[in-house]
Amino acid sequence: MKHIINLYENINDTARNNSDCPHVILPEEIFFIISIIGVLENLIVLLAVIKNKNLQSPMYFFICSLAISDMLGSLYKILENILIMLRNMGYLKPRGNFETTADDIIDCLFILSLLGSIFSLSMIAADRYLTIFHALQYHSIVTMRRAIIVLMVTWTGCMGSAITMVIFSHHIPTVITFTSLFPLMLVFILCLYVHMFLLARSHARKTLTLPRANMKGAITLTILLGVFIFCWAPFVLHVLLMTFCPNNPYCACYMSLFQVNGMLIMCNAVIDPFIYAFRSPELRDAFKKMIFCSRYQ
């Protein structure tokens, strides 16, 4: 989707001339290597949950949803690099039907990665909220069947939204919708956090203590959310600036960092599995069993 994904190529020449900021160019090999690492790490997370029955719970299914989102973001860059390599080698006709179709599919993966991350983090936040403040009713509210239904509906909606955004990518309402999902997710999670804080104060006044494991889950969510904002916010800002002030020299100066912003997105997929492993002893043990299988079997 050239208007949203390949923004670096579409920066207006006038804006470039008016800006004194040089464009930061990063080697494609770095993107490719980080993307491969991101795919492998998140694949390990998925395999760990699939192979360990004690991890097959709604919470870890929501984590798997986030891992799939991260993996799609890395896979997008790998496929894009392969497509560019084939075009440079002369196997693809520039701007031909196949390349156009492949571009649209790759762009769908990118948008699906962002949408999947947004809704996966929202589901994890809602799950943490229910775990902490509705602990007695949690297992009756968040059943495996309901979790799977929520995931299926969410990913179906994300896929439909990604395809729609690619088709109407050159329309301003599409860009506004694409970028508005980011702050809406933050508002939703912030509301949950405020409510959790108020309830936590109420529990403290009643001399009740919240389970340490549940609070640890909330802290893990906070770390995941912070990393997601740090890695994706610069790109979302880039989309807004490219849409609404492409000729402004100050906007063009920020947009010169496009590849750096893209690198941050790739890094998000690499960082998240380390957060899971560091914060979850169960998942960490599952990783050890997978890596040193002969030792633990």
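Per residue, the stretch 32-185 exposes 50 Å² of solvent-accessible protein surface, assessed with a 1.4 angstrom probe and all protein chains in place. Cβ-Cβ distance of Val153 and Ile33, R₀ of 35 Å, FRET efficiency by 1/(1 + (r/R0)^6): the value works out to about 0.50. Based on the Cβ-Cβ distance from Leu43 to Arg87, what FRET efficiency comes out when R0 is 25 Å, to the nearest 0.05? After rounding, the FRET efficiency stands at 0.35. Projecting label points 7 angstrom from Cα along Cα→Cβ for Val194 and Phe278 puts them 2.9 nm apart. The candidates His195, His170, arranged from most to least accessible area with a 1.4 Å probe in the full protein assembly, appear as His170, His195.
Between Cys267 and Phe230, the contour length at 0.36 nm per residue exceeds the Cα-Cα span by 12.3 nm. A straight chain from Met144 to Thr164 at 0.36 nm per residue would run longer than the Cα-Cα distance by 4.2 nm. With a Förster radius of 41 Å applied to the beta-carbon distance between Cys21 and Phe292, the computed FRET efficiency rounds to 0.25.
The values are calculated or read from the model by the stated rules, or taken from the named source; none is laboratory data. None of these values were measured; they are calculated from a predicted model. No Cβ is skipped: glycine too gets one built from the backbone with ideal geometry, and neighbour counts run over all protein chains shown. With ligands, DNA and RNA removed, areas are computed over all heavy atoms of the protein, side chains included. Shrake-Rupley method; radii C 1.70, N 1.55, O 1.52, S 1.80 Å.
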